[in-house]
Each structure stands twice: as structure tokens, then as C-alpha cells.
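**Q** First the structure, which I've put down as C-alpha cells, then a few questions once you've had a look.
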Amino acid sequence: MGSPSTYAKIVPRLRYLKSTLIPSDKLRELSPPISDIYAYLRESKYKNVSDTKNAEDAEKEIMKRFYSAVDEIASFTPSESIDLALSFAREDEINDSLLVLRGIVENKEINKNALISLLWSQSSLNKILAEPDSLAGVQRYLEISSRYKHIYNSLKDAYAFYNELKDSSVITWYSLAATSNLYSESLSKLNSIDKDAVSRTLCPIIEGKIALGLMQSSLLKIPTRVVETSFTKINVCNITWNKIGNIYERESGDVMALATSLRDQFKYIKIEGRKENEIMDSIRKSSYLSAKRKAEAVFQSYPFSPSLISAALILLKLEINNLKTIIISSYLRLSKEEYENLLII
């Protein structure tokens, strides 16, 4: 495990971060009007959100607070765990970079205001898009992106699959595999004990991404070979890909049959429901609820471990996602009953 001397600086900050999280019961209580929600946030670390006038600006302020926390944690993180800390922001970068690639392929104008990761101070995508003619075409975009490995590898693979299948939806579908690989690779510099400890916090998330990827693959009719190539790079979580791959090849023509056959193949998530949207929701929710339980358990165990980093950032990311849901729902004038089921608490 990590030594007290190595993690002595970061542990108190992570425990303080956890102490500032909004309690679950308070999140449940937050409800329209927006003035009431902002009144509460004004006394929290999200006080800047209360000065915004619309949902888009509120989301940006929330994400700025999240990226600021990632930067602070990374600045005190031992070298072997820096990629782990940064992966929680790089996930957004990869998702956005693939959105840009799809836009270029489809010859659509890129709305940079919709790329939330550009708010991150360390955003590599921001540097890519700042280059002259970065959006002039795929080859130019890929050429500039090659300076940033975590983005380029995802773009290169996604574009190769697009060229093979001639379906631009495969580009954004690939984000589930790309971000799973990002988290998997972030463990590469850790020793085996630390890797196991961190994996227990990340595996629910990775399982959820793989399961969602399989469901979406079935809907998009993506060939087994492409699905296998995308997900078999993941070398954590003891996922038996041979068995999963066989199930996908056999059942991919029927989403409901695929879901039924996959239910016993994952350790942390649930695959339930009678409709496609119910199945997707059950995967997403169970994935993050399981990750939340694992993260909370870490704070009760040996503190000098990089698993405390992943645990703290998982809990923080859950908080910001819930907060965005509450605020956006309020601006949309949804009732509390309408959006409460969207919360992951």
C-alpha cells in the first residue's frame, strides 16, 4: 500500500473535500424555486453558481469547481497517481474530442460552448482547438491531436472504426470504451496492492461503461470484432471477455435477449427492466451507486492509499452530476417528483 510519507500531504485534503460534500438527505430536499436552491448553494463551495442566470451558466460554474478540485488534488498527488487524478477530468476531454471528430466528419459547425472540458485549466483539447485550421478537416485535427496521447489514441481508433463502418454514430459510441481504457491505464504505474485497492472503486464505473457499450452496440448493429477490439484492452476488474464476447455475438440482434444473458456476467452492476431505456437507466444508476458505496468504504479503511484519490473524486463527480440535474430540472420547471428519480443518491 502507499506509505504514510508518500501520501501525507494529500490525505488531509481528500478528507476535507469529503467533509464539504452535500449530504444525500440535503440533496433530496433541494427543490424549486431556483432561488431556494441558490440560497443554499450560496453557503457552500458552489457559491459562484448562485450568481448565474440560466442553467447553462450554472453548469459551467459547477464544472469549474470540479476541475479546480481535480487540479488541487493532482498538485499534491504522488507521481504514480497523477494520471489517476487527472483521468476524472480527462474523461470529459475524451468525450468532447470525439464529439468534435463526429462534427467534422458530418461537416457540422462545432459549438465550442457545448464542450464543457474547455473550462478545465489543463485542457489539451483547448490547445488543439486553438491551433490554426484545427477544424479544417479530420487529418489536420488528428495531426494536432497527436501531441496529446490520451486524446489522440481515442480519436485514431474511433476514426478507424468510422472508416470501416461508415456510420458516424460509432465515433461517439466509442467514448464508452475510450474512457474505460483511460481509467484502466491510469493504474499502470501503481504497485499490485494499490492497483487492486483502486480497482475496487473504479470497477463499478468500468463495468457500467462496458455494459452500456454492449447495449448500444446492439442497437447500432456494431460487429462483434469491433466491440471486442474496443473493450479487450481493459486489463482490470477480472472481466471474462471471451464469455461476454460470445454472448454478444449470439444475442446482439436482440437487445432484450442480450440484456438477459449479460445479467450474471458483471459483479457490481444490475441489468434490469422490460424496455431498452429502463435497462440503460438501471445500468447507469447501479454502476454509480455501487461506486459510491465502494468510495465511502475507502474512507473507513487504510488512508495512505491512492484509492482515497479515486474515492474522493468519484463522490465529488456524483455530487456535481446530481447538482446539475437539480438545477437544470428547476429551470425546466420539472416537479421534484419528475426529477428525483434521476438523482443518484
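**Q** Given the residues Ser79, Ser75, Ser87, Ser121, which is the only one that is surrounded by fewer than 19 Cβ atoms within 10 Å (Cβ to Cβ), of a type in the set (Gly, Ala, Ser), in contact (Cβ under 8 Å) with a residue 60 or more places away in the chain and closer than 30 Å to Lys9 by Cα?
**A** Ser79 is the lone residue from the list that is surrounded by fewer than 19 Cβ atoms within 10 Å (Cβ to Cβ), of a type in the set (Gly, Ala, Ser), in contact (Cβ under 8 Å) with a residue 60 or more places away in the chain and closer than 30 Å to Lys9 by Cα.
**Q** If I ask for residues that are in contact (Cβ under 8 Å) with a residue 40 or more places away in the chain and either in contact with an Asp or Glu (Cβ under 9 Å, 6 or more places away or on another chain) or not aromatic (Phe, Trp, Tyr) (or both), which ones from the range 142-160 would you list? I'd like the intermediate steps shown before the answer.
**A** Just the residues of the range 142-160 that are in contact (Cβ under 8 Å) with a residue 40 or more places away in the chain, to begin with: 145, 150-151, 154-155, 157-159.
Residues satisfying the conditions are Ser145, His150, Ile151, Ser154, Leu155, Asp157, Ala158.
**Q** I would also like to ask the following. Counting only residues that are part of a loop (DSSP other than H, G, I, E, B) and closer than 23 Å to Lys60 by Cα, which one in the range 103-117 is nearest to the chain's Cα centre (by Cα)?
**A** Restricting to residues being part of a loop (DSSP other than H, G, I, E, B) and closer than 23 Å to Lys60 by Cα, the top hit is Leu115.
**Q** Could you grab me the full set of residues in the range 125-137 that are part of a helix (DSSP H, G or I) and closer than 18 Å to Asn111 by Cβ? Quick ask: steps written out before the conclusion?
**A** Initially, the range 125-137 is screened for residues part of a helix (DSSP H, G or I), giving 125-130.
Those that are part of a helix (DSSP H, G or I) and closer than 18 Å to Asn111 by Cβ: Leu125, Asn126, Ile128, Leu129, Ala130.
**Q** Which of the residues belonging to the range 45-58 are surrounded by 17 or more Cβ atoms within 10 Å (Cβ to Cβ) and either touching a Gly at 6+ places or on another chain (Cβ under 6 Å) or under 25 Å from Leu14 (Cβ atoms) (or both)?
**A** Tyr46, Val49
**Q** Any residue in the range 161-178 that's aromatic (Phe, Trp, Tyr): show its pairings with residues that are buried (at least 17 other Cβ atoms within 10 Å of the Cβ) at Cβ separation under 6 Å, as long as the two are six or more apart or on different chains.
**A** As it stands, the answer is Phe161/Val170; Phe161/Val226; Tyr162/Val170; Tyr162/Ile171; Trp173/Gln216; Tyr174/Ala158, since those pairs meet every condition given.
**Q** Does any residue in the range 179-204 that is over 11 Å from Leu84 (Cβ atoms) come within less than 7 Å, Cβ to Cβ, of a residue that is small (Gly, Ala, Ser) and in a loop (DSSP other than H, G, I, E, B) six or more places away or on a different chain, and which pairs are these?
**A** Qualifying pairs under 7 Å: Ala197/Ser305.
**Q** If Ala211 passes every condition in (1) within 23 Å of Asp83 (Cα to Cα); (2) in contact (Cβ under 8 Å) with a residue 60 or more places away in the chain; (3) not in a loop (DSSP other than H, G, I, E, B) but one, which one does it miss?
**A** Unmet condition: (1).
Here's the yes/no breakdown for (1) closer than 25 Å to Ala311 by Cβ; (2) within 17 Å of the chain's Cα centre (by Cα):
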{"residue": "Asn48", "(1), (2)": "no, no"}
{"residue": "Ala55", "(1), (2)": "no, no"}
{"residue": "Lys64", "(1), (2)": "yes, yes"}
{"residue": "Ser68", "(1), (2)": "yes, yes"}
{"residue": "Ile73", "(1), (2)": "yes, no"}
{"residue": "Phe88", "(1), (2)": "yes, yes"}
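Per-residue answers, yes or no, for (1) of a type in the set (Lys, Arg); (2) buried (at least 23 other Cβ atoms within 10 Å of the Cβ); (3) touching a strand residue (DSSP E or B) at 6+ places or on another chain (Cβ under 8 Å):
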residue	(1), (2), (3)
Lys209	yes, yes, no
Asn235	no, no, no
Glu249	no, no, no
Ser261	no, no, no
Lys270	yes, no, no
Lys275	yes, no, no
Val298	no, yes, no
Ser307	no, yes, no
Ser310	no, yes, no
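**Q** Here is a follow-up. Identify all residues within the range 90-109 that are without any contact (Cβ under 8 Å) to a residue 12 or more places away in the chain, on the phi < 0 side of the Ramachandran plot and among the polar types (S, T, N, Q); write none if there are none.
**A** Hits for the range 90-109: nothing passes.
**Q** Name the residues in the range 213-230 that are closer than 14 Å to Ile244 by Cβ, of a type in the set (S, T, N, Q) and within 19 Å of the chain's Cα centre (by Cα), would you?
**A** Within the range 213-230, Ser217, Ser230 qualify.
**Q** What's the total number of residues in the range 162-180 that are surrounded by fewer than 22 Cβ atoms within 10 Å (Cβ to Cβ) and of a type outside the set (Gly, Ala, Ser)?
**A** Here the count works out to 7.
**Q** Select, from Lys26, Lys64, the only residue that is at negative phi, surrounded by fewer than 19 Cβ atoms within 10 Å (Cβ to Cβ) and free of Cβ contacts under 8 Å to residues at least 24 places away in the same chain.
**A** When all the criteria are applied, what remains is Lys26.
**Q** Being in a helix (DSSP H, G or I) and in contact (Cβ under 8 Å) with a residue 12 or more places away in the chain is the requirement here; does Leu219 meet it? Before the answer, list the steps.
**A** Working: in a helix (DSSP H, G or I): yes; in contact (Cβ under 8 Å) with a residue 12 or more places away in the chain: yes.
Against the criterion (in a helix (DSSP H, G or I) and in contact (Cβ under 8 Å) with a residue 12 or more places away in the chain), Leu219 qualifies.
**Q** For the range 258-281, name all the residues that are free of Cβ contacts under 8 Å to residues at least 60 places away in the same chain, within 22 Å of Trp241 (Cβ to Cβ) and not in a loop (DSSP other than H, G, I, E, B).
**A** Leu258, Ala259, Thr260, Ser261, Leu262
**Q** Sticking with this structure for a sec: Taking the options Ser134, Ser145, name whichever one is small (Gly, Ala, Ser) and crowded, with 23+ Cβ neighbours inside 10 Å. Spell out how you get there, then give the answer.
**A** On the way: Ser134 fails: crowded, with 23+ Cβ neighbours inside 10 Å.
Being small (Gly, Ala, Ser) and crowded, with 23+ Cβ neighbours inside 10 Å holds for just one of Ser134, Ser145, which is Ser145.
**Q** Got a sec? Which of Leu219, Leu142, Leu155, Leu212 is touching a Leu at 6+ places or on another chain (Cβ under 8 Å), within 17 Å of Met280 (Cβ to Cβ), modelled with pLDDT of 95 or more and of a type in the set (A, V, I, L, M)?
**A** Residue meeting the stated conditions: Leu212.
The values are calculated or read from the model by the stated rules, or taken from the named source; none is laboratory data. Just so it is clear, the structure is predicted and the values come from calculations on it, not from any experiment. Ideal geometry is used to build each Cβ from the backbone, glycine not excepted, and the neighbour counts take in all protein chains shown.
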